[in-house]
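The values are calculated or read from the model by the stated rules, or taken from the named source; none is laboratory data. Please read these numbers as outputs of a predicted model, since none were measured by experiment. As a convention, Cβ positions derive from the backbone with ideal geometry for all residues, glycine included, and neighbour counts pool all protein chains shown. SASA here: full protein model, heavy atoms, side chains in, ligands and nucleic acids out. Shrake-Rupley method; radii C 1.70, N 1.55, O 1.52, S 1.80 Å.
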Amino acid sequence: MVTVGNRKVVVVNMDGNLRAVGGVCAHQAGPVWMGGIFDDVRARVEDGQVVEYVARQRGVIACPWHGWEYELETGRCLWNSRYRIATYRVERDGEDGLAIWI
Ligand code: FES
């Protein structure tokens with residue numbers, strides 16, 4: 001998490017591709033920057049056994065307060081696309097720097 005002006009921004013390196021999203025949750029302004037990052041895998045389960053994997057969503061961040069999940073690529077909330085967090089253009093700037101367009 002970095003602070004740019006008065007905004008908290010989460011920067012994630014996804015297999016060499018940088019993504020930057022807003023760090024404040026669209027639900028109750030929870031600290032998305034403290035959330036876990038994972039791939040969301042959906043499966044059809046019968047009798048407690050995975051029958052088939054039906055979808056895999058790369059790069060999701062979950063707010064630690066109530067679990068709302070957002071795509072890192074688009075900022076879209078997974079359970080309701082009316083909600084989203086900001087996304088920002090980000091690039092490497094030199095050896096250790098980042099350039100973020102707010
Ligand atoms: S404040 Fe983030 S899920 Fe509720």
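Counted by Cβ distance under 12 Å from Ala26, the other residues give a net charge of +2, where Lys and Arg count +1 and Asp and Glu count -1. Scalar couplings 3J(HN,Hα) for the stretch 12-18, obtained by applying the Karplus form with A = 6.51, B = -1.76, C = 1.60 to θ = phi - 60°, are 10, 9, 9, 6, x, 9, 7 Hz; x denotes Gly and Pro.
Counting 0.36 nm for each residue step from Val41 to Ala99 and taking away their Cα separation leaves a gain of 17.7 nm. For Tyr83, the residues whose modelled amide H falls within less than 5 Å of its own, excluding neighbours fewer than 5 places apart on the same chain, are Cys77. Phi angles across the stretch 33-47 convert, under the Karplus curve 6.51 cos²θ - 1.76 cosθ + 1.60 with θ = phi - 60°, into 3J(HN,Hα) values of 4, 9, x, x, 10, 7, 9, 8, 10, 9, 9, 8, 10, 10, 6 Hz, Gly and Pro given as x. Heavy-atom accessible area with a 1.4 Å probe sorts Glu52, Glu73, largest first, into Glu73, Glu52. Amide H contacts of Trp68 (H built 1.01 Å from N, in plane; Pro and chain starts excluded): Cys63 sit under 5 Å, all sequence-distant by 5 or more or on other chains.
Expressed as a whole percent, the proportion of Cα-Cα pairs in the chain lying more than 20 Å apart is 42%. Rolled with a 1.4 Å probe across the full set of protein chains, the surface gives His66 an accessible area near 100 Å². Accessible area per residue for the chain is 64 Å², calculated with a 1.4 Å probe on protein heavy atoms, without ligands, DNA or RNA.
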